[in-house]
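For reference, the structure discussed in these notes is given below.
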Amino acid sequence: MTAGGLRLKPTNIADPEYFHKVVDCQYACPAHTPVPEYIRLIAAERYTEAYMVNWESNVFPGVLGRTCDRPCEPACRRGRVEEEPVAICRLKRVAADNKDDITEFLPASGKKNGKKVALVGAGPASLAVARDLAPLGYDLHVYDENAKGGGFMRSQIPSFRLPEAVLDQEVEYITDNKNIATFYSTRIDSLKALLAKDYDAVFIGSGAPKGRDLPDLPGRKEGADNIHIGIDWLGSVAFEHISSVGKKVIVLGGGNTAMDCCRTARRIGGSEVKVIVRSPFADMKASPWEKDDAASEDIPIIDNHVPLEFVIEEGKLVGMRFDRVRAEYDAKGRRKLISTDEEPAFYPCDEVLVAIGQENAFPWIERDIDIEFDKWELPELDTVTYQSSNPKVFFGGDAAFGPENIITAVAQAHQAAISIDLFCQGEKLTKRPGPGVTLVSQKMGIHEWSYDSSVVSDVRYQVPHADKTAALGDRKLEVELGFSKDTGFEEAQRCLNCDVQTVFVEALCIECDACVDICPTECISFVDNAKEPELRDSLRMPAKNLDQDLYVSDKLPTGRIMAKDEDVCLHCGLCAERCPTSAWDMQTFLYQVTKASQI
Amino acid sequence: MSYIRPEFRHPASKTNTSGFTRKDYEGALSTLCAGCGHDSVSNAIIDSCFELGVWPHRVAKISGIGCSSKTPTYFLGKSHGFNSVHGRMPSVATGANMANGEMAYIGVSGDSDTASIGLGQFAHVARRNLNMVYIVENNGCYGLTKGQDSATTDVGSSSKKGDPNPYEAVDLCSMALQLGATFVARSFSGDKEQLVPLIKAAITHNGFAFIDVISPCVTFNNTPASSKGFEFVREHREATGKMDFVPVRSEITTNYEPGFVKEITLHYGSVIHLYKDDKLDCTDRNSALRAIQEHDEKGRILTGLLYVDPDSRDFHKVQQTVKQPLRDLNEEDLCPGARSLNAINASLR
Ligand SMILES: Cc1cc2nc3c(=O)[nH]c(=O)nc-3n(C[C@H](O)[C@H](O)[C@H](O)COP(=O)(O)OP(=O)(O)OC[C@H]3O[C@@H](n4cnc5c(N)ncnc54)[C@H](O)[C@@H]3O)c2cc1C
Ligand SMILES: Cc1ncc(C[n+]2csc(CCOP(=O)(O)OP(=O)(O)O)c2C)c(N)n1
Ligand code: SF4
Ligand code: SF4
Ligand code: SF4
Ligand SMILES: [Mg+2]
């Protein structure tokens with residue numbers, strides 16, 4: 001698309017990025033998982049294939065089908081034509097839950113290529129790098145201080161959200177590869193020493209392991225025995241160093257870690273657990289569904305409370321005092337918390353969990369080995385290649401640009417793996433492979449397509465939950481039960497198949513208006529070309545969503561152009577069915593991010 | 001596979017003055033050939049009724065036989081309808097209108113339905129100035145029976161499999177003018193910008209409103225040698241001038257667009273604004289007839305509003321019949337009894 005000042009040039013659909021953007025979910029997914037492709041496979045009860053489409057892209061479908069931050073869902077087109085998006089994440093789990101044994105589809109360990117790579121940390125980032133490089137014959141050494149692989153997926157995400165067996169299986173799919181050697185319970189204390197070994201490259205996927213504290217808050221030292229850093233505490237619970245907590249628990253913080261802390265506390269003895277957060281409820285970082293889950297486990301969230309002190313009596317923590325505040329926003333939307341000058345609020349408690357954020361920490365990386373750090377103590381990296389200023393050293397996952405999530409770690413890992421491969425083969429790191437793209441017509445007959453073109457009106461299906469009393473009594477009992485196969489099918493039918501693209505060939509168009517007339521959401525217009533803002537306004541339905549592109553043709557015989565607003569196209573195929581000359585066709589577009597190796 | 005239309009509509013779809021969305025004016029999914037001009041006319045009717053805010057339950061659609069006559073199924077699915085016999089739409093419309101003059105009547109017909117088998121009925125409904133919209137979806141062929149030449153096929157025009165037509169064509173607009181129609185227009189299915197305001201004005205007009213819509217049959221008569229194909233019509237079409245329809249409710253601004261020539265106030269207070277209609281005087285029957293003739297001689301098709309009589313008196317008025325729906329009259333009024341009959345008879349002796 002050209003900039004504002006000019007008339008629009010015909011859309012170049014040969015550029016894979018054009019149609020890629022139309023597939024909203026896939027475009028929003030950091031790893032660009034071909035979502036509609038696997039959703040169709042689920043609808044066809046081809047779970048194993050659906051799983052493998054995921055595995056190729058996001059490496060941990062069973063884990064992500066339960067825990068993904070799901071940036072795809074707010075992006076999903078369905079959410080623009082009705083209330084709720086497709087339950088993409090839950091469908092991924094349907095594929096994982098119902099797959100057959102997939103071991104025969106796992107890539108073989110490639111013939112050794114003589115190169116050795118060390119990977120620090122066995123979180124999703126390192127594991128994904130290892131998976132991508134193993135088929136190429138790299139000798140991969142994965143180091144992690146913990147006794148098992150998985151990183152934060154194991155130590156932080158509680159079992160009631162992610163059963164251990166699911167994680168074990170997906171870690172093993174990777175580590176069973178003969179080219180991967182794991183060195184667990186092995187902490188790397190010096191990168192310098194590691195670099196001194198004969199590794200051709202080092203990948204650092206050590207995460208962001210440092211939880212923020214409130215070191216200066218009065219009472220912090222005196223109450224230390226009963227005040228814990230959230231992520232450390234969760235790790236201790238996961239590794240069973242901690243098995244109980246006091247009855248009254250205050251969790252400080254409003255992010256997902258706070259939600260995991262409070263729900264874990266509810267399961268190991270906390271009968272009165274509260275979340276107390278500085279910000280207004282609406283500004284909390286936690287995902288809406290995590291807040292809902294906490295609420296349904298009787299955990300009140302008290303907002304607009306800024307911690308003043310830990311109250312200690314007779315050397316023991318008895319509660320906390322908070323300043324009550326209200327939020328004010330300036331013209332730029334920046335928030336200020338202003339004290340209401342009321343009496344500080346006191347909440348009694350036996351224990352406090354501090355879940356107010358996480359940071360990177362690299363105490364084991366010497367500062368004299370050519371790795372530059374910025375003022376936030378983050379490594380200076382190339383944002384495309386993930387290479388550090390020491391060309392041998394690559395970063396990915398939370399270690400790269402600070403704490404994110406699993407899917408981001410995986411997406412970065414794919415790119416880092418490509419870089420490591422190029423580097424080890426002596427190629428330029430900028431010589432990166434483009435995406436794999438196919439575009440295939442779905443036409444079978446006048447009213448027949450090889451995809452299910454009808455658009456169902458069903459509203460989003462809800463997942464069943466385990467019995468509450470049972471769940472609160474067992475830290476390891478999974479709360480969400482996942483869709484049944486039948487519900488999975490119904491939910492899959494809600495997907496609009498946004499990857500089945502409306503492809504327009506202007507040479508065939510006779511401007512009969514049939515597509516304009518049939519389109520249920522009035523996406524198509526034949527108008528005079530103009531500058532983009534005017535053009536957007538001149539359409540049958542003004543195209544107000546600027547995040548969505550216009551698909552425009554070249555000049556037609558009447559001098560007008562075809563302009564389609566992609567925003568709320570239902571991919572129903574009616575335009576193509578009603579077109580007498582097949583100027584419109586429905587074509588399935590598959591976009592695959594190229595990985596270091598063909599999976 | 002689909003003969004199923006998705007339920008979703010554009011989230012920014014508006015609601016009209018009567019509280020309806022455009023979806024409330026849709027009908028069943030069309031079964032006509034893909035690309036048929038008639039589907040565009042159906043959509044123009046939907047747009048017009050939506051924009052005017054007519055109440056769907058106060059509209060009756062009447063048609064004859066033909067692809068065109070099938071179309072009332074595809075619009076205004078919540079309105080009344082009667083799909084009658086070939087060429088007989090006018091008599092059914094007349095009966096219905098006589099029984100209930102408070103409804104809007106939209107008649108849809110084809111060129112064969114009107115100019116061949118229905119020519120007699122057409123002539124009389126025009127003469128009577130029945131208050132209705134009469135749309136002919138004119139494709140110059142018998143679409144439904146596989147594309148034979150019709151009475152509006154131009155001399156020399158040939159359809160997909162046919163020879164050039166040897167017979168002189170019936171020009172329905174000229175006929176309507178000669179027969180006393182009080183609103184006459186011609187348009188093209190491929191130009192909704194022109195067609196929609198015409199249909200809106202026709203619905204608002206009090207009397208017989210005739211629109212001849214050239215509506216290509218993509219399957220049988222969209223050949224380069226046909227004078228009713230998309231290409232030919234686009235190349236040979238001329239418009240009387242842009243026309244705006246301004247409904248009663250909206251505020252009439254005094255800032256007319258450049259080229260403004262004339263304002264015609266219709267029966268219920270709605271207004272037609274005309275721009276740049278050079279020689280044609282839309283309120284003069286002869287001027288309209290002449291303009292059609294002159295364009296025809298030059299091989300041009302004149303489209304747009306051709307004639308309107310804003311003071312039109314419809315059939316009810318002329319006949320002095322009750323416009324009040326018969327169903328609302330009580331038994332006494334409907335059947336005044338032997339005494340009244342005797343009185344009438346006596347007055348005639
Ligand atoms: C409480 C909590 C809940 C979360 N829930 C979710 C969720 O539901 N969904 C989601 O997508 N994300 C979630 N996240 C974020 C997610 O876990 C991380 O973004 C992700 O795991 C990062 O992956 P990584 O591979 O970069 O690092 P990590 O998963 O952190 O793995 C790094 C590993 O390296 C090890 N390590 C570090 N330094 C060394 C060393 N020097 N030597 C040896 N080993 C070392 C660490 O012990 C760890 O095992 C959550 C995070 C927290 C804290
Ligand atoms: C009394 C009678 N005679 C003949 C027919 C056969 N017939 C059906 S449709 C049709 C012609 C329709 O042509 P037109 O009115 O132009 O409509 P189109 O299909 O072209 O839209 C004819 C002759 C009939 N149905 N009934
Ligand atoms: S409707 Fe389906 S393909 Fe479209 S964005 Fe949502 S999940 Fe993706
Ligand atoms: S596929 Fe075609 S008809 Fe269907 S919503 Fe999209 S543009 Fe409209
Ligand atoms: S035969 Fe012709 S008139 Fe009939 S539906 Fe097909 S294109 Fe339209
Ligand atoms: Mg016809």
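The values are calculated or read from the model by the stated rules, or taken from the named source; none is laboratory data. Because the structure is predicted, anything quoted here is derived from the model rather than measured. Note that we place each Cβ from the backbone using ideal geometry, even for glycine, and neighbour counts take in every protein chain shown. These area figures cover heavy atoms from the full protein model, side chains too; ligands, DNA and RNA do not enter into them. Shrake-Rupley method; radii C 1.70, N 1.55, O 1.52, S 1.80 Å.
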- When the accessible area of region A:211-358 is computed with all protein chains present and a 1.4 Å probe, what percentage of it is carbon and sulfur? 48
- Item | Proximal lysines relative to A:K9, as straight alpha-carbon distance under 16 Å, when same-chain residues fewer than 8 apart are discounted | A:K531, A:K555, A:K564
- Message: Of the candidates B:D47, B:D311, B:D244, which one comes out as most mobile in a Gaussian network treatment of chain B with C-alpha springs shorter than 10 Å?
- Response: B:D311
- Item | Heavy-atom accessible surface of region A:498-592: percent carbon and sulfur, 1.4 Å | 51
- Query: region B:209-250: which residues show an accessible-area loss of 20 Å² or more, assembly versus chain alone, 1.4 Å probe?
  - Reply: B:F230, B:R234
- Message: To test your reading of the geometry: what angle, between 0 and 90 degrees and rounded to tens, separates the Cα axis of helix B:338-348 from the longest principal axis of chain B?
- Response: 70
- For region A:436-469, residues shielded by at least 30 square angstrom of accessible area compared with the chain on its own, probe 1.4 Å: A:H447, A:S454, A:V455, A:S457
- Which of the GluC sites (Glu not before Pro) found in region B:51-158 are in a DSSP loop and have at most 14 neighbouring Cβ atoms, other than their own, within 10 Å? B:E102
- Sort out for me the Cα centre separation of region A:517-560 from region A:143-220, rounded to whole Å. 51
- Item | Rounded to 5, the percent of DSSP beta bridges in region A:211-358 classed as antiparallel | 55
- Message: If I model a spin label as a point 7 Å beyond the Cα along the Cα-Cβ vector, how far apart are those points for B:T223 and A:T438 in nm?
- Response: 4.3
- Query: In vacuo Debye scattering of region B:22-321, one point per C-alpha: log10 I(q)/I(0) at q = 0.17 Å⁻¹?
  - Reply: -1.51
- Query: What's the angle, to the nearest 10 degrees (0 to 90), between helix A:47-58's Cα axis and the longest principal axis of chain A?
  - Reply: 70
- Message: How shielded is A:562-574 by partner chains, expressed as the average number of their Cβ atoms within 10 Å of its Cβ atoms?
- Response: 2
- Please give the residues of region A:174-208, grouped as numeric ranges, whose backbone N is less than 17 Å from a label point set 7 Å along the Cα-to-Cβ vector of A:N390. A:187-207
- Query: Using a 1.4 Å probe, how large is the accessible area of B:Y268, given in Å² and rounded to the nearest 10?
  - Reply: 130
- Item | Å² per residue, accessible surface of region B:22-321 at 1.4 Å | 39
- Which of the lysines could a cross-linker span from A:K336 if the Cα-Cα distance has to be under 28 Å and same-chain partners fewer than 8 positions apart are dropped? A:K210, A:K274, A:K285, A:K291, A:K375
- For A:K431, which aspartates and glutamates qualify as cross-link partners when the Cα separation must be under 12 Å and same-chain residues fewer than eight apart are set aside? A:D421
- What quantity of accessible surface, computed with a 1.4 Å probe and excluding non-protein components, is buried in total between chains B and A, in Å² to the nearest 100? 2600
- Place a point 7 Å from the Cα of B:A28 in the direction of its beta carbon; the residues of region B:74-96 whose amide N falls under 17 Å from it are B:74-85
- Query: Which percentage, to the nearest 5, of the DSSP beta bridges contained in the protein assembly as shown is antiparallel?
  - Reply: 50
- 1/(1 + (r/R0)^6) with r = Cβ-Cβ of B:L341 and B:T145, R0 = 51 Å, i.e. FRET efficiency to nearest 0.05, evaluates to 0.60
- Would you mind checking the radius of gyration and Dmax of chain A based on alpha-carbon positions, in Å? 26.6, 89
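On a 1.4 Å probe surface of the protein chains, which of B:H10, A:H228 comes out largest in accessible area, and what is the full order?
The ranking, largest first, comes out as A:H228, B:H10.
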- Message: With a 10 Å cut-off between alpha carbons and a GNM built on chain B, which of B:R339, B:R327, B:R88 moves the most?
- Response: B:R339
- Message: Could you tell me the calculated FRET efficiency between A:Q598 and A:E164, based on Cβ-Cβ distance and R0 = 51 angstrom, to the nearest 0.05?
- Response: 0.95
- Over all pairs of distinct alpha carbons, what does the Kirkwood formula give as the hydrodynamic radius of region A:1-94, in Å? 14.4
- Note on the structure: Taking 0.36 nm per residue of separation between A:F183 and A:Q425 and subtracting their Cα-Cα distance, the length gained on full extension comes to 84.6 nm
- If the chain between B:T265 and B:D244 were fully stretched, how many nm would it gain, using 0.36 nm times the residue separation less the Cα-Cα distance? 6.4 nm
- Task: Rounded, prolate or oblate: pick one for region A:255-326, where a ≥ b ≥ c are the square roots of the eigenvalues of its C-alpha gyration tensor, a/c under 1.5 means rounded, and failing that, prolate if a/b is larger than b/c, else oblate.
- Result: oblate
- Whole-percent carbon and sulfur contribution to the accessible surface of chain B (1.4 Å, no ligands, DNA or RNA) stands at 53
- Query: What residue among B:S187, B:S48, B:S18 has the largest mean-square fluctuation in a Gaussian network model of chain B, using Cα springs under 10 Å?
  - Reply: B:S18
- Query: Which residues of region A:510-549 show a drop of at least 20 Å² in accessible area when all protein chains are present, compared with their chain alone (probe radius 1.4 Å, heavy atoms only, ligands and nucleic acids excluded)?
  - Reply: A:I510, A:E511, A:C512, A:D513, A:D517, A:I518, A:P520, A:T521, A:E522, A:R540, A:M541
- Specify the angular offset, from 0 to 90 degrees and rounded to the nearest 10, of the alpha carbon long axis of helix A:124-133 from the longest principal axis of the alpha carbons in chain A. 50
- Residues in region A:485-502 reached by a label modelled at A:D458 [backbone nitrogen below 20 Å; 7 Å Cα→Cβ]: A:485-500
- The answer for chain A, accessible area per residue at 1.4 Å probe in Å², is 41
- Each label point is 7 Å from the Cα along the Cα-to-Cβ direction; what then is the distance between the points at A:R7 and B:K78, in nm? 4.2
